[in-house]
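Derivation of every value follows stated rules applied to the coordinates shown; laboratory data play no part. Computed from a predicted structure; not experimentally measured. When we count neighbours, we look across all protein chains shown, and the Cβ atoms used for this are built from the backbone with ideal geometry, even at glycine.
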Amino acid sequence: MKGYHAGARLAVHLKDVREHFVLTDGGLLGITTDNVSSNYSMTHDLQSTLQASVIQWPALMNDIPCMAPVIQLASGAFMNSLGVKGRTKF
């Protein structure tokens, strides 16, 4: 997606993807996202959009945060506290 990645804009694209794959009857179980605030906004905007179509999809229950970025940030902070330096590019 080109341009600004605001939650409302992401929700519109996700709605289009839902319709393309015929998930319009509530067949969307969950979404795995990283911890970027626009993804949080996107899931809440999607919840509102689906509610307008009489589909219950609670964002708090269906937004599944990905642990990989959290583990990477925690590992980096730990290694930094030990004074370990990463490789430099050649």
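Helix 67-81 against the longest principal axis of the chain: what's the angle in degrees, Cα atoms only, rounded to the nearest 10?
So the inclination is approximately 20 degrees.
Once the Cβ-Cβ distance between residue 23 and residue 70 is put in as r, and R0 is 25 Å, what FRET efficiency do you end up with, to the nearest 0.05?
Efficiency computed from Cβ-Cβ geometry: 0.35.
Is there a quick way to get the dipole size of the chain? I mean about its Cα centre, with the Cβ of Lys and Arg at +1 and of Asp and Glu at -1; what is the value in debye to the nearest 20? Walk me through the numbers on the way to the answer.
Values: 7 positive and 6 negative charges, 119 e Å.
Computed about the Cα centre, the dipole is about 560 debye.
If you build the Cα gyration tensor of the chain and take the root of 5 times each eigenvalue, what three semi-axes come out, in whole angstrom, biggest first? Provide the component values of the computation, followed by the final result.
Working: eigenvalues 241, 42, 24 Å².
Equivalent ellipsoid semi-axes, largest first: 35, 14, 11 Å.
For Cα pairs less than 8 Å apart in space and 6+ apart in sequence, what is the mean separation divided by the residue count of the chain, i.e. the relative contact order in percent? Kindly include the intermediate steps, with their values, before the conclusion.
On the way: 68 pairs, mean separation 27.4, N = 90.
For the chain, the relative contact order is 30 percent.
Once every DSSP H run of n ≥ 4 in the chain is given -39500 (n - 2.57) and the sum is divided by its residues, what mean residue ellipticity at 222 nm do you get, rounded to the nearest 500 deg cm²/dmol?
Values: 4 runs with 49 residues, N = 90.
That comes out to -17000 deg cm²/dmol.
In degrees, nearest 10, range 0 to 90: what is the angle between the Cα axis of helix 37-52 and the longest Cα principal axis of the chain?
Helix 37-52 sits at roughly 10 degrees to that axis.
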